[in-house]
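Notes follow the structure.
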Amino acid sequence: MKTSGAFVICQNDEDKILLVKRRDFPLWDLPGGRVELTEKIEEAAIRESFEETGFKIKLDNLSGIYFNPELDDHQYIFSGRIIGGHSIDYREETAAVRFFSPNHLPFFMIPHRKMQIKNLLTGSSTVIHQEIHDSWLVKDIKKH
């Protein structure tokens with residue numbers, strides 16, 4: 001089942017990274033989510049970020065495209081900034097919204113997010129294309 005997700009690495013004025021704590025898994029993640037069939041990837045990143053955080057986001061650049069062959073999933077990672085709104089805590093998909101220093105990200109994060117953040121913060125202006133693997137997750141899904 002082919003899927004696509006769009007996520008945003010958004011820093012505040014103190015260079016801290018905006019993260020959301022998911023309700024379905026007790027893990028921290030970048031704001032974002034699944035791209036709907038009728039929407040552009042950029043639209044999904046903005047919509048999902050607002051739904052999960054309450055912040056209006058303006059996208060700056062596409063930072064990376066990550067492909068997971070086990071899940072047939074593409075993840076599009078953007079850099080962005082807050083242009084309005086206010087933080088919400090606790091929505092259907094969100095348990096918490098917080099800013100974290102890039103040097104002190106939470107231990108319990110969605111796999112590969114720390115690497116994707118590091119790629120953006122230390123990378124060049126070139127969009128990264130990288131294959132990622134979550135074989136542990138695929139094995140767990142196939143059990144159910």
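Every read-out reported here was derived from the displayed coordinates using simple, explicitly stated rules and does not represent laboratory data. Not measured: the values here are computed from a predicted model. Every residue, glycine as well, gets a Cβ built from its backbone with ideal geometry; the counts of neighbours run over all protein chains shown.
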Integer Hz, Karplus 6.51/-1.76/1.60 couplings in order for the range 16-21, x for Gly and Pro: 8, 8, 7, 10, 10, 8
The range 3-143: relative contact order as a whole-number percent, Cα under 8 Å and 6+ apart: 30 percent
For the chain, with equal point scatterers placed on the C-alpha atoms only and solvent neglected, what are the log10 I(q)/I(0) values from the Debye formula at q = 0.14, 0.17, 0.18 1/Å, to two decimals? -0.63, -0.95, -1.08
Please give, to one decimal in nm, the separation of the simple spin-label points placed at residue 25 and residue 95, each 7 Å out from Cα toward the Cβ. 1.3 nm
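Figure the gain on full extension for residue 50 and residue 87 (residue separation times 0.36 nm, minus the Cα-Cα span) and round it to one decimal in nm.
Contour length minus the Cα-Cα distance gives 12.4 nm.
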Within the range 64-126, DSSP-loop trypsin sites (Lys or Arg not before Pro) with at most 16 other C-beta atoms within 10 Å are 91
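Evaluate the charge dipole of the range 1-127 about its Cα centre and quote only its size in Debye, nearest 20, assuming +1 on the Cβ of each Lys and Arg and -1 on the Cβ of each Asp and Glu.
Computed charge dipole of the range 1-127: roughly 280 debye.
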Just order 21-30, 2-11 by mean Cβ neighbour count inside 10 Å, highest at the front, would you? 2-11, 21-30
Under a straight-distance cross-link criterion of Cα-Cα below 20 Å, which aspartates and glutamates are reachable from residue 2, leaving out those fewer than 8 residues away in the same chain? 36, 39, 42, 43, 48, 70, 72, 73, 131, 134, 140
Which is farthest toward the positive dipole end of the range 3-143 among 59, 33, 112, measuring Cα position about the Cα centre, with Cβ charges +1 (Lys, Arg) and -1 (Asp, Glu)? 112
